[in-house]
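What follows is a short report on a single structure.
Any read-out appearing in this document is the output of simple, stated calculations on the displayed coordinates, not a laboratory observation. Please read all numbers here as calculations on a predicted model, not as lab measurements. For neighbour counting, all protein chains shown are included, and Cβ atoms are generated from backbone atoms with ideal geometry for every residue, glycine included.
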Amino acid sequence: MQNYSIRKRVLITGGAGFLGSHLADRMIAAGHDVLVVDNFYTGTKDNIRHLLGNPHFELMRHDVTFPLYVEVDEIYNLACPASPVHYQFDPVQTTKTSVHGAINLLGLAKRTKAKILQASTSEVYGDPEVHPQVETYWGHVNCIGIRACYDEGKRCAETLFFDYWRQHKVKIKVIRIFNTYGPRMHPNDGRVVSNFIVQALRNEDITLYGDGNQTRSFCYVDDLIEGMIRLMNTGDDVTGPVNVGNPGEFTIRELAEKVIELTGSSSKLVFKPLPQDDPRQRKPDITLAKSLLGWQPTIALEAGLKKTIAYFDDLLSGRFG
Ligand code: NAD
Ligand code: UDP
Ligand code: UDP
């Protein structure tokens, strides 16, 4: 359907989640009409409550594994639980969300001629043997392990995106997101940054899985969203995949110590078993994002952690209305 408005009609699936709600804020601030579609599996209305009265914002409770008929100009497909605890809770639904969700949204993009961006992940590289990870690396994923519902679901979604691009000329963008953190992560999300901050603020034990020598690279949410929007705004010839993340690499133990230092917590480190197939190292090569998008992260770990700690401090002490 023709868009008679000068505003773009932007669909964000998973828009009530951590990243999606920040993206919705940016899209509203840029003057677009935003439709958030979410089944509230891990997301919550609290993340978008401040947008609910805005006439250019619309919220629809819907599961992307079912067809969706709406008229839009751009689709950001973020629907999918992202934390291992949550995506492993109902692994069959996780694969369905990535695969059936991609088919339905690509079908929607094909019919409406909308541009569509897929929130892919560094997990497509699995437990990587190439370090840092470049987009040309095909990855090292255990297809029958407990992370496969997420990793292989996301890999299959990438396959579908590229086949709809080749076969149906759908305008696609694939972003491979590396570990991102910030305000609006759920306190029970289960991912490492939120876990450590919540534990530290409560002076509870900090749970290190394994010996804590595995590494991750942590990107602050504002940087990530900027990279995502820049990718969406590239010309039709640009498909990606493009890594977006912060190349600063830290061991999980270093992260725990940094969180204790910044919170002034009396928490102690305790060691728990390492989950199966937990990647040993992760760091994005962002050469492509720099050249293609003119993008690089601007917020260092310590600065981003301070903002995130302030958020959780307010949340846990009930200072939010
Ligand atoms: P999140 O769990 O906070 O958000 C995901 C949202 O998707 C939630 O609101 C959830 O309710 C919704 N959802 C899940 N299944 C759905 C379904 N079947 N239908 C409709 N909605 C559904 O996670 P996030 O960190 O905001 O991640 C957003 C996207 O970015 C995900 O696709 C994730 O795989 C990807 N990603 C995130 C990171 C990260 O570090 N945050 C890293 C790599 C990739
Ligand atoms: N689809 C959708 N919204 C649309 C168009 C399609 O949800 O606006 C779904 C449709 O149900 C189908 C899927 O997307 O199952 C793939 O669509 P496509 O046109 O590629 O496939 P086909 O309908 O030919 O099977
Ligand atoms: N981790 C940890 N303690 C926690 C949560 C996670 O040591 O309470 C570890 C986890 O084993 C992994 C790393 O931190 O090595 C990042 O985990 P997360 O779930 O945040 O993301 P992913 O493994 O998907 O990168």
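General observations
- Amide H within-cut-off set for VAL170, under 5 Å, with H built and near neighbours excluded: TRP165
- Ranking of GLU123, GLU129 by count of other Cβ atoms within 10 Å, fewest first: GLU129, GLU123
- Positive end of the dipole of the chain (Cβ unit charges, origin at the Cα centre): among LEU106, THR159, CYS149, the Cα lying farthest that way belongs to LEU106.
- Cross-link reach list, lysines versus LYS307, counting only Cα pairs under 19 Å and skipping chain neighbours closer than eight places: LYS258
- Residue-count net charge about VAL141 - beta-carbon cut-off 11 Å; Lys, Arg +1, Asp, Glu -1: -2
- Model label zone, LYS268; criterion: amide N under 11 Å from point 7 Å along Cα-to-beta-carbon; scope the range 177-218: 205-206
- In the range 191-321, a dipole from Cβ-located charges (positive for Lys and Arg, negative for Asp and Glu) runs towards its positive end, and of ASN243, LEU224, PHE196 it is PHE196 whose Cα lies farthest in that direction.
- At q = 0.14, 0.17, 0.18 Å⁻¹, base-10 log of I(q)/I(0) for the range 218-321 (Debye sum, equal scatterers on each alpha carbon): -0.74, -0.95, -1.01
- Reachable lysines, given that their alpha-carbon falls under 17 Å from the alpha-carbon of LYS115 and they are not under 8 places away in the same chain: LYS8, LYS169, LYS171, LYS173
- Listed residues GLY240, GLY153, GLY145, most fluctuating in the chain (Gaussian network, C-alpha, under 10 Å): GLY145
- For LYS169, net neighbour charge (Lys/Arg +1, Asp/Glu -1) across residues whose Cβ lies under 10 Å away: +3
- Rounded to whole Hz, the Karplus (6.51, -1.76, 1.60) HN-Hα couplings of the range 196-213, x for glycine and proline: 5, 5, 5, 4, 5, 5, 8, 6, 8, 4, 8, 8, 8, 8, x, 8, x, 8
- log10 of Debye I(q)/I(0), alpha-carbon scatterers only, for the range 86-154 at 0.16 Å⁻¹: -0.64
- Calculated on the Cα set of the range 132-243, radius of gyration then Dmax: 17.2, 55 Å.
- Translational diffusion of the range 188-266, µm² s⁻¹ [Kirkwood Rh, Cα pairs; Stokes-Einstein; 25 °C; 0.890 mPa s]: 169
- Antiparallel %, DSSP beta bridges [both residues in the chain], to 5: 10
- Stokes-Einstein D for the range 230-276, Kirkwood Rh over Cα pairs, 37 °C, 0.692 mPa s (µm²/s): 223
- The range 23-123 pair-distance distribution - Cα-Cα, 5 Å bins, rounded %: 2, 11, 22, 24, 21, 14, 5, 1
- Surrounding net charge for ILE252, when Lys and Arg each add one and Asp and Glu each subtract one, Cβ distance under 14 Å: +3
- Coordinate range of the alpha-carbon atoms in the chain per principal axis, descending: 59, 46, 38 Å.
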